[in-house]
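Structure, as C-alpha cells:
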Amino acid sequence: MMQARDVMSRPVVTVTPATTAADAARLLCAHGFTALPVVEGDGLVGIVTEADLIDDPGGSLHPRPGRHEAASSELLVRDVMSAPVRSLTKTADVADTAAMMVRDRIRSLPVVDGGRVIGIVTRRDLLRAGLAHIDQDLADEISRQLAQVDTPNRWRVTVEDGVADIEDYGSDVEDRERAARLAAEVPGVAAVRARHQTPDPF
C-alpha cells in the first residue's frame, strides 16, 4: 500500500499567520505551488491557497467579505487563510487520499506527524505517483515478454515516461532485435531502446 509519505512533496514551504499576503503570493509563484500550510509554533492552523489570495479578476490582495479586516493597510495571511484545515497522517493510504481530493475538490493536503507539518500532498504528487506505477507495470510486462526470448537474468528493463530501456547482457543481435519488437508491442510503450551491456566481471 502506497502511503502519503511515499508521494508527498518535501521539504514543505510554510508561512505564519503574520506573513503578508503579498509574500505568500510570491512564495507560491516562486515555487510553483498552489497552497502553503500556515503554521504557528509547531502547529498547523490553516492553509493559504491561490484562491484565497485571488479576490477578483484583477488579482488584488485585499480581505474578502466576512474575513477579518487587516489592522493595517498590509493584508496578512491570517486575513485570507482557510481554517480549519484538513490534513493527512504520514501513513494515510494514497488511494483513499486521491478519492477524497477528487470528491471534495481539494488540491493540496498537508501531512502532519506528531503535530508538525512534514510535507504536503498535491494533485501533481498523486499524478506523478500514478505515472511511476504505470511505468513499473510496463517494465514488468516487458520482462514477461522477454522471457520468450531468453532467461530473465539476461535482461534489465526500465521504463520512464513510457520509454522502455532494455539492457541486454547477451551477445545475440537477433535476440536483441526480437526483444525490442516484443517490447514495442506492449500497450502503453511509447518507444524502445535496446542495447548490448557488457556483464560486470565481478
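Laboratory data are not the source of any read-out in this text; all were calculated from the coordinates shown. In this text, all values refer to a predicted model and were calculated from it rather than measured experimentally. Positions of Cβ are backbone-derived with ideal geometry, glycine not excepted, and every protein chain shown enters the neighbour counts.
Quick notes
- Note on A147 and D23: the model spin-label points, each 7 Å out from Cα along the C-beta direction, lie 5.9 nm apart.
- Short-range pairs are left out: with C-alpha atoms under 8 Å and at least six residues apart, the relative contact order of the chain is 18 percent.
- In the elastic network of the chain, a GNM with C-alpha springs shorter than 10 Å, the most mobile of G130, G32, G46 is G32.
- Using a Förster distance of 41 Å, the FRET efficiency for R181-R10 (Cβ separation, nearest 0.05): 0.50
- Segment 95-183: C-alpha gyration tensor shape, a/c 1.5 cut-off, then a/b vs b/c: prolate
- Positive end of the dipole of the chain (Cβ unit charges, origin at the Cα centre): among W155, P110, S171, the Cα lying farthest that way belongs to P110.
- Both radii are taken from the alpha-carbon atoms of segment 147-196; with Rh as the Kirkwood radius, Rg/Rh is 0.93.
- Cα centroid separation - segment 74-98 against segment 134-184, whole Å: 43 Å
- Cβ-Cβ FRET estimate between A51 and L131, R0 fixed at 35 Å, reported to 0.05: 0.85
- Ellipticity estimate at 222 nm from DSSP helix runs (n ≥ 4, -39,500 (n - 2.57)) divided over the chain, nearest 500: -10000 deg cm²/dmol
- Label zone at R86, where the point sits 7 Å out along the Cα-to-Cβ direction: segment 128-150 residues whose backbone N lies under 16 Å: none
- Candidate values [x] 360; [y] 177; [z] 191 were compared with volume of the Cα convex hull per residue in Å³ computed on the shown model; the agreeing label is [y].
- Listed residues P84, P37, P17, most fluctuating in the chain (Gaussian network, C-alpha, under 10 Å): P84
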